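Here's the structure we're looking at; comments come further down.
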Amino acid sequence: MSLRIGRRVFAPPACGLVLTGLALAAFLSLGNWQLGRAREKQALADSFAAGSRDTVDATGLGFADLPRYQQVRLRGTYDSARQILLDNMPSSAGRPGYRVLTPLERADGRGWVLVDRGWVPLGATRADLPDVTVAGVEREVIGVLDGLPVPGLRVGPAAAPGASGWPRVMLFPTEADVESALAADVESRIVLLDPGAPDGFERTWRPSLGFGPERHLGYAIQWFAFALVAVVMLIALNLRRAPPDEERHPP
């Protein structure tokens, strides 16, 4: 391939065109993927903000019928004797500790739901578990629906083999793990207890994004910049001044 541009000739080798084309396809694909992830994260953030503004009376409703991050109101009684401490859950400031999952028996007869009552710090030793006792009386609970925390990579069982005491420390349990420990069915979604509600600990709830859409946008810009650099390099390395005889006698 040869293309004359004024007194210069652009004549890249075939292998250069192929490699640049492959690089462009990869860079543009990765950039578009990052833009898609940014849109998904922004949609989750918008959903969290919208759900937190409007409270739905969940009496008689299954949580599977409601959107994620919907704020709900329900009545029930906490089971203080069988609580779960979610391990490896840092506070909003990054301090190590647990999140406290407390089963709530719904007053409307629809069974059990897990209420995340917030974060508590680690004790002096791993054997020194925090006191998370809560009164077993019927009360109104307000919070936002979410799923159980999910790890990037699940390794090993959720609970230590042979664990039987309460509160029980569990690492990223699934719904099945929780139901096995409690010997009872639970709602597929948990309730993140409202920061203004009683019976809770530290609660700074955010949508489960990992990191925000801004970082994805930054990554997208980087990939598109790589694509531009690939084109510039192809041109810079293969655009040469035409030989003198071609300058006098252009084709």
Worksheet item: Residues of the stretch 145-179 being surrounded by fewer than 17 Cβ atoms within 10 Å (Cβ to Cβ), hydrophobic (A, V, I, L, M, F, W, C), part of a loop (DSSP other than H, G, I, E, B) and under 25 Å from the mean Cα position of the chain (by Cα), which ones?
Response: Val150, Leu153, Val155
Worksheet item: Within the bounds of the stretch 72-92, is there any residue that is under 30 Å from Leu239 (Cα atoms) and touching a residue at least 40 places away in the same chain (Cβ under 8 Å)?
Response: no
Discussion item. Considering only residues that are part of a helix (DSSP H, G or I) and surrounded by 15 or more Cβ atoms within 10 Å (Cβ to Cβ), which ones fall in the stretch 59-90?
Written reply: Phe63
Worksheet item: Does the stretch 63-77 contain at least one residue that is among the acidic types (Asp, Glu) and in contact with a strand residue (DSSP E or B) (Cβ under 9 Å, 6 or more places away or on another chain)?
Response: no
Discussion item. Among the residues of the stretch 116-125, are any among the β-branched types (Val, Ile, Thr), in contact with a Ser or Thr (Cβ under 6 Å, 6 or more places away or on another chain) and not in a loop (DSSP other than H, G, I, E, B)?
Written reply: no
Practice prompt. Mind listing just one residue for me: the one in the stretch 93-132 that is free of Cβ contacts under 8 Å to residues at least 24 places away in the same chain and acidic (Asp, Glu) and, of those, farthest from Ala183 (Cα to Cα)?
Written response: Asp128
Fill in: Of all residues in the stretch 5-33 being more than 39 Å from the chain's Cα centre (by Cα), open to solvent by 80 Å² or more (accessible area, probe 1.4 Å) and farther than 14 Å from Ile235 by Cβ, the one that is modelled with the lowest pLDDT
Arg7
Response to the item:
Among Val191, Val141, the single one that is under 30 Å from Ala49 (Cα atoms), open to solvent by less than 60 Å² (accessible area, probe 1.4 Å) and over 22 Å from the mean Cα position of the chain (by Cα) is Val141
Worksheet item: Which residues, counting only those in the stretch 211-240, are surrounded by fewer than 14 Cβ atoms within 10 Å (Cβ to Cβ) and charged (D, E, K, R)?
Response: Glu214, Arg240
Response to the item:
Residue count, the stretch 91-115, condition open to solvent by 80 Å² or more (accessible area, probe 1.4 Å) and assigned to a loop (DSSP other than H, G, I, E, B), comes to 4
Discussion item. Please determine whether any residue of the stretch 194-213 is among the acidic types (Asp, Glu), touching a residue at least 24 places away in the same chain (Cβ under 8 Å) and either on the phi > 0 side of the Ramachandran plot or touching a helix residue (DSSP H, G or I) at 6+ places or on another chain (Cβ under 8 Å) (or both).
Written reply: yes
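The values are calculated or read from the model by the stated rules, or taken from the named source; none is laboratory data. Here the structure is a predicted model, which is why all the values come from computation and not from measurement. FYI the Cβ positions are ideal-geometry reconstructions off the backbone, even for glycines, and counts take in every protein chain you see. Just the protein is used for accessible areas: all its heavy atoms, side chains included, with ligands, DNA and RNA removed. Shrake-Rupley method; radii C 1.70, N 1.55, O 1.52, S 1.80 Å.
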